Structures are given as C-alpha cells and as structure tokens.
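One structure below.
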DNA sequence: GATATAAATGAACGTCATTCAGTTTCGATT
DNA sequence: AATCGAAACTGAATGACGTTCATTTATATC
C-alpha cells in the first residue's frame, strides 16, 4: 500500500539538484560574507557538504560559481520588483522604480557589499537576468512616447555598469548615500526623457517590496 | 670649468626613479599583453631588471602596481586630449570629444583589451586621473547653459563605469563597434542636454590626436 | 545479486603573490 | 681614503588556493 515509493526522478537526479542548490546557497553565504577573493572553494564545498572536487562537476571554475550566485541574487530581486510594478500604468515609472530599487538594495544590504567587488560579474548578471524586464520597459516607454531610446540593450548595458559603479562608491564611502536620488535622475536622463521629467519621475512615491525570501 | 659633475640627486634617488619607472613600463607591457591575472610579478620584475622582492618596496601589491600602470595610461591619454581640446570654444564639445576619444582608444587599441578586465581598476583610474578635466568641462558647460549637471563628480563616476562597460562588451564582441556613436549620445543625454542636441554634438567632426608617445 | 556506469571524494599538485634573512650599495663622517 | 651604519636589493623559501585525478562509493539495469 501507499504505492508512492517510486521516486519520479532517480536518486542521482535528486541529489544533483540538491547539490547544485546547496552549492549556490553556500557560495552566496561565503562570498557575501568574505568577498570572492577571500572565499575559498574548500569552505564553500564544506558548507554545502560535498567534497572539494565535487564543486567542479557542477561549475567550471570559482568564477563560474560566482556568476551563478549573482544571477540567483538578481533573479530573486527581479521577481520581487516585477511583483509590484505590474500594477503600474506608466512604463517609464516601472523602469525608474526598478533602477531605484536595485541601487537601494546594492547600497543598503551589507551582503551586497562584497558582491560589488567584481563589477563586471555583477553587472553582467544584472544585464542578463534583469535585461529582459528592463529592456522591455525601456521599449514600452519609448513606444508610449515617454522615453527616446534608440537601442534599449545598449542603454541597459550602460545603466548596469553605472549602477554598480555608483553603488560601489557609496558602499566604500566615496559618495554620499543621498546621491542615490540624483543617480536615478541621471539614469533617466540617459533615456532621453529630459531633465525636468526625470526629476519628477524619480521623486514619485514608491510602493514597498514584498519581504525577502529566506532561501536566497 | 663645466662645474656640473655634482649630481643634484644622489645615486639612490636616481636609481629609485629609474626602478619605479621601469616597473610601471614593464607592468604595462606584461599586463597589456597577457592580462592582469596571467601577468606574474616575476616576469614584470625580470623585464624591469630588478629582483622579485624589490617590486614590493615600490608597490604594496600586484593590484597597487596595476593601478599605477592604469593611471599612467589615463594620464598620457588625458594630456593628448587636452592638447587638442583647449582650442575648442564650446565646453560641451570638449566633454563630448574626450568621452568619444576614450571609448575609441579602449575599443580600438588591442593593448586596452586586457586592461578592461578589471573594470573597477580602470574606471577608478579614469575617474581620478581624467576627473579633474572632465569635471571641469561638465561644470564649464553647465555654467554656459549647455549642460544641466547637478553633481559633476557623480555624473563623471557614472560615465566612467558606463564607458568601461560598453568598451568591455565591444571588445568581447557582445556589442557592435558601430554603437560607439550612440554610446556618446547617451552619455551626453546624461548631462541633461536633451536628445536632439546630444545627437548633434556627438556627430560633429573631430580633430585627430597627436601621435602616441613611445614610452607609454 | 551481479555488473556497468556515473558521481563523489579528498589528498596531492602546481602556480603564484608575498616575505625575509642575508648581501650589496651608498654616502656621511673621520 | 678608509670606515661604518643605514637603506635598498636579492631570490630562495613560504604558504595559500584553485584545480585535478586515481580511488571509492552509489545508482540503475538486467
């Protein structure tokens, strides 16, 4: 009886899912605590409870693991943003809110501080994972006559690096956190919306995000 | 007669100048050829003709040396740009020309390709070394009513990372080199100048730079 | 159960960045 | 000139890590 002893997937597939997931989680914990350079593959493997060599059957290299970690972080934040913005009517506001929220997280959450130390990795993850949303918003807002963006992918590429650069400077204390507002204004100016409208758009009240999921 | 046999500086000081200079030159040659990660301190020391340990009496670490190398690259390019732009009458055009020239070099000179792999290092060097010029231009153009920049340092910080990000993507083949023009337009939009004027400004004919100095 | 295949293991390897004990060079002083 | 203390230089040694690979273990199949 209770004829549910047959796993739908074999044990191997299940364990591989668990292992990969455990490695991403462990990678996130260790990297966000000590930074990529100080994080060792041995510590990550141990926290994930796998052998040191096993990591390399899931990820080509340390950097490859770091990329997966950062993509996960971006994915979760993108989902939380999407959840709130799909009630917005102005597509320009969707973009503005997304950009603002990412900077707020990057500068406000201590765990991001270490991730920012590899700008091209985190900017790359941001470009790839949030790109589909951001580029869609840029194009929607352009069609609606709000923005004037000739190449949405290029604009988003520039935005990701600018966001990471400013966030890095703020977490290092080189720029005042109060400049976040002006940063958003400049990113909006980049879309060709004009300065006045950019200022108004950046100053609009923002809804709060749903709480963070516990499991990254 | 010819009473100039007394060295104004002692031998030690002279040798130190030579050593530091030789190390920066060697660092540039090795790093731009193989990239920071593949460049070894031993190879750089050997090319500079000093012992491996000597490097550390001039630079705190490998990264510290790389920073000096990149600052030198930026300094030389800044001088060549300054040479040409101080005849411009429109301060907005000075900024536009500078930005355009940096991107052209970053994407056109194979030696930059390896330097771009450390975005925060090269963006940092660009910010510090070219900042005095760029920020001056942004403020001049704002005073002249051409730009509308609230915080020139912030705008330049965003620009440096965006420039590095786009250049990196172009050298990696992820973006078409033909997008350089549009990149300049977006950077100009960021200054609040408005899209039409940005397009006009980016399209103006540009003078040629003086030839590169041989010694970096 | 027996067997073949795939995955996991962790000790060992090789590659550097960095250090430091010993050596050389310099220049102030006699 | 000769001497001597200090400062700079040297390069072999060190230690830390990412990555590899010969073995061991687990799983699926017959």
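The values are calculated or read from the model by the stated rules, or taken from the named source; none is laboratory data. Being a predicted model, the structure only gives us computed values, none of them experimental. Because the Cβ atoms are built from the backbone with ideal geometry, glycine has one as well, and the counts that use them run over all protein chains shown.
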Test residue B:140 against the criterion of being more than 12 Å from every other protein chain (Cβ to nearest Cβ) and under 23 Å from residue B:75 (Cβ atoms), and give yes or no. yes
Suppose we keep only residues that are within 11 Å of chain B (Cβ to nearest Cβ) and in contact (Cβ under 8 Å) with a residue 40 or more places away in the chain within segment A:170-183. Which one would you say is farthest from residue B:161 (Cα to Cα)? A:180
Cβ-Cβ under 7 Å, sequence separation 6+ or interchain: first residue in segment A:53-68 and touching a residue at least 60 places away in the same chain (Cβ under 8 Å), partner within 7 Å of DNA strand C (Cβ to nearest atom). Which pairs? none
Among the listed residues A:129, A:166, identify the single one that is within 18 Å of the chain's Cα centre (by Cα) and under 19 Å from residue B:124 (Cβ atoms). A:166
Residues that are within 16 Å of residue A:22 (Cβ to Cβ), away from DNA strand C (no atom under 12 Å from the Cβ) and in a loop (DSSP other than H, G, I, E, B), drawn from segment A:37-79: A:39
Mind checking whether some residue in segment A:54-64 is more than 15 Å from DNA strand D (Cβ to nearest atom) and surrounded by fewer than 22 Cβ atoms within 10 Å (Cβ to Cβ)? no
Among the residues in segment B:200-208, are any surrounded by 21 or more Cβ atoms within 10 Å (Cβ to Cβ) and within 10 Å of another protein chain (Cβ to nearest Cβ)? no
Pairs needed: first member in segment A:145-167, at the interface with another protein chain (Cβ under 8 Å from one of its Cβ atoms) and at positive phi; second member anywhere, part of a loop (DSSP other than H, G, I, E, B) and surrounded by fewer than 24 Cβ atoms within 10 Å (Cβ to Cβ); C-beta distance under 7 Å; at least 6 residues apart or different chains. none
Does segment B:100-108 contain any residue that is crowded, with 23+ Cβ neighbours inside 10 Å and within 21 Å of residue A:185 (Cα to Cα)? no
Against the conditions (1) closer than 30 Å to residue B:184 by Cβ; (2) touching a helix residue (DSSP H, G or I) at 6+ places or on another chain (Cβ under 7 Å); (3) in contact (Cβ under 8 Å) with a residue 12 or more places away in the chain, where does residue B:83 fall short? Just the number, please. (2)
Looking at segment A:86-101, which of its residues are under 22 Å from residue A:182 (Cβ atoms) and in a helix (DSSP H, G or I)? A:92, A:93, A:94, A:95, A:96, A:97, A:98, A:99, A:100, A:101
I'd like the full set of residues that are within 8 Å of DNA strand D (Cβ to nearest atom) and surrounded by 14 or more Cβ atoms within 10 Å (Cβ to Cβ), limited to segment B:37-53. B:45, B:50
Determine which member of the set A:20, A:29 is within 11 Å of DNA strand C (Cβ to nearest atom), more than 30 Å from residue A:199 (Cα to Cα), more than 14 Å from chain B (Cβ to nearest Cβ) and within 20 Å of the chain's Cα centre (by Cα). A:20
Going by the conditions given, is residue B:30 assigned to a helix (DSSP H, G or I) and not assigned by TED's automatic domain parsing to the domain that holds residue B:129? yes
